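K.L.:
Next up is a structure, given as structure tokens.
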There are 2 protein chains.
Amino acid sequence: MRISELAERTGVSVPTLKFYLREGLLDKGETTAATRAEYGAEHVDRVRLISALTAVRELPLARVRDILRLIDHPADDPVLAMGAAVSALPPYVLPADAAMRESADPAGPEPADTRTREPGDPVRYPRARRAIELLGMEFDPNWPATAQLEAALLGLEQAGLPWDDARAKRYGAAMLSVAKQELKTIAAMTPQQAVSYSVLGTALYEPVLLALRRLAHRSLIDQMAPGAADAGPDAATAPSPPAG
Amino acid sequence: MRISELAERTGVSVPTLKFYLREGLLDKGETTAATRAEYGAEHVDRVRLISALTAVRELPLARVRDILRLIDHPADDPVLAMGAAVSALPPYVLPADAAMRESADPAGPEPADTRTREPGDPVRYPRARRAIELLGMEFDPNWPATAQLEAALLGLEQAGLPWDDARAKRYGAAMLSVAKQELKTIAAMTPQQAVSYSVLGTALYEPVLLALRRLAHRSLIDQMAPGAADAGPDAATAPSPPAG
DNA sequence: TAATACTGGGTACTGTCACTATCCAACGCC
DNA sequence: GGCGTTGGATAGTGACAGTACCCAGTATTA
């Protein structure tokens, strides 16, 4: 098919497809003449994937590129691939970043104090460590998600939201249950498939989880106060003009 | 305190604080003279909150503004506030958006077909509906998270990732457990607090959940293949140069 | 054969975002 | 009374994700 058909089938405009081609996100079609190239089903799939990653996850194209590279040149080792995927997805945390921001204290200490740790040095991630060990998992400061957890917990703290062991256990148990389900699928795959699945899975199951959590909230609130969410709230929570 | 001290305490530069003031994200300090204003603890808290929202969630400032407005002018009704919060957080989905993209089929049908539904019309969200009803929750196409779920499931589909009832049940149960924990906290709050908590909670607990899921994956994989993740993977999953 | 429409490929431009930079006059403290 | 700091404003920056435009070669049609 030609580029215009590719555009039609994927809902992505021709100029944007050209842009993706230029950026190397999309392979060139098979050139049949100086101004003619043929695109196939694999191009459709690729564009769909890019769309899913940008539309659903709002990922910057640079990260989409990272993820596509992981899928195109799999690392064979799912742990490796997942680590890379985790690094490619928000929240983006540089290795020592979470610990660096530590210095912002009400007392107003010298920031130079905590910066004595070099970026390459092992950092402690105290909040993440406590949660991880509480859940019986092994604490590994080099696993990207560890820094992400620390940053997230620091965010909670700065916003004054509660975080305690009971909560950590509940959250951890829930996510372990989810993860078990996902890894059941992986076990039956070839390494190649597993890599692709773990990378895309991290990118695309997460929004599902979050949406379900938000739906669960609504559902539970309705159960708590039936009738309160009948007419009033709906009208306001889903404003008719989408421009809102 | 003066603006320079506010900057010091929060780790945000003075020009950036000025920018936040201009943008109305931050209240002006109490003016004591034409070129003098006094900032207080509430300003420190506000800046911390903005930082948490932008750094942890990578939210665009416009969304941060929405969220701050929700907290400043609470709707009294937590359901209302949560709906608004859900709308303010990624994945950003316009009400009819998920259903619109439906038209992108391999067969290549006329897009005009599905576009006969007007943006204000009720849309079906078939994937979301099935999942929601499977979990025994009430399907409400006007709840923002419904559209978000549909978009997320559509993303899975486009990427060719598995999604079935068993998975939906497992995910749903996990998130219901999390949601129950969170609402336990809310029940003991004043409406004011509840609003603030539900808004911030949606914004800031989500990254925690995702980080835990990623950690759980790693942990489970290590249990499956002990030793495989000892030296090799770590070195590569956490590249020493943060520029990666 | 000629006119027309559509490519592939390239360069240059646009709008948005989240800051930065720079300026200025008015403090305030020493 | 001099000098650094502040509030307030205007303008500029760099990254990002496309868009617009142009050209010449190709396919289709007249």
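The values are calculated or read from the model by the stated rules, or taken from the named source; none is laboratory data. Remember, predicted model here, so these are calculated numbers, not experimental data. All Cβ positions, even for glycine, are placed from backbone atoms using ideal geometry, and neighbour counts span all protein chains on display. For the accessible areas, the whole protein counts, side chains as well, though only heavy atoms, and no ligand, DNA or RNA atoms are used. Shrake-Rupley method; radii C 1.70, N 1.55, O 1.52, S 1.80 Å.
K.L.:
Name the single residue that is nearest to DNA strand C (Cβ to nearest atom) among those in region A:14-39 being open to solvent by 80 Å² or more (accessible area, probe 1.4 Å) and over 22 Å from A:I67 (Cβ atoms).
P.N.:
A:T35
K.L.:
How many of the residues in region A:182-226 are over 18 Å from the mean Cα position of the chain (by Cα), polar (S, T, N, Q) and facing chain B (nearest Cβ under 9 Å)?
P.N.:
Total satisfying the criteria: 2.
K.L.:
I need the helices (runs of 4 or more DSSP H) fully contained in region A:1-95, keeping only those with at least 3 residues that are of a type in the set (G, A, S).
P.N.:
Filter on region A:1-95 gives A:78-88.
K.L.:
Could I ask something else about it? So which residues in region B:2-13 are within 12 Å of DNA strand C (Cβ to nearest atom) and either at pLDDT below 90 or open to solvent by 50 Å² or more (accessible area, probe 1.4 Å) (or both)?
P.N.:
B:R2, B:G11, B:S13
K.L.:
OK, next. I'd like the residue in region A:49-91 that is within 16 Å of DNA strand C (Cβ to nearest atom) and at the interface with chain B (Cβ under 7 Å from one of its Cβ atoms) and, out of all such residues, is modelled with the highest pLDDT.
P.N.:
A:E58
K.L.:
Same structure again: For B:A62, are the conditions met, namely being hydrophobic (A, V, I, L, M, F, W, C), more than 12 Å from DNA strand D (Cβ to nearest atom) and loosely packed, with under 14 Cβ neighbours inside 10 Å? Even if it seems obvious, please write down each step before you answer.
P.N.:
Details: hydrophobic (A, V, I, L, M, F, W, C): yes; more than 12 Å from DNA strand D (Cβ to nearest atom): yes; loosely packed, with under 14 Cβ neighbours inside 10 Å: yes.
Considered against the rule, which asks whether it is hydrophobic (A, V, I, L, M, F, W, C), more than 12 Å from DNA strand D (Cβ to nearest atom) and loosely packed, with under 14 Cβ neighbours inside 10 Å, B:A62 comes out as yes.
K.L.:
Could you list, in sequence order, all residues of region A:1-39 that are of a type in the set (D, E, K, R), within 14 Å of chain B (Cβ to nearest Cβ) and within 11 Å of DNA strand D (Cβ to nearest atom)?
P.N.:
Within region A:1-39, just A:R2 meets the criteria.
K.L.:
Identify the single condition in (1) at pLDDT below 95; (2) over 24 Å from B:K180 (Cα atoms) that A:R129 does not satisfy, given that it satisfies every other one.
P.N.:
The single condition A:R129 does not satisfy is (1).
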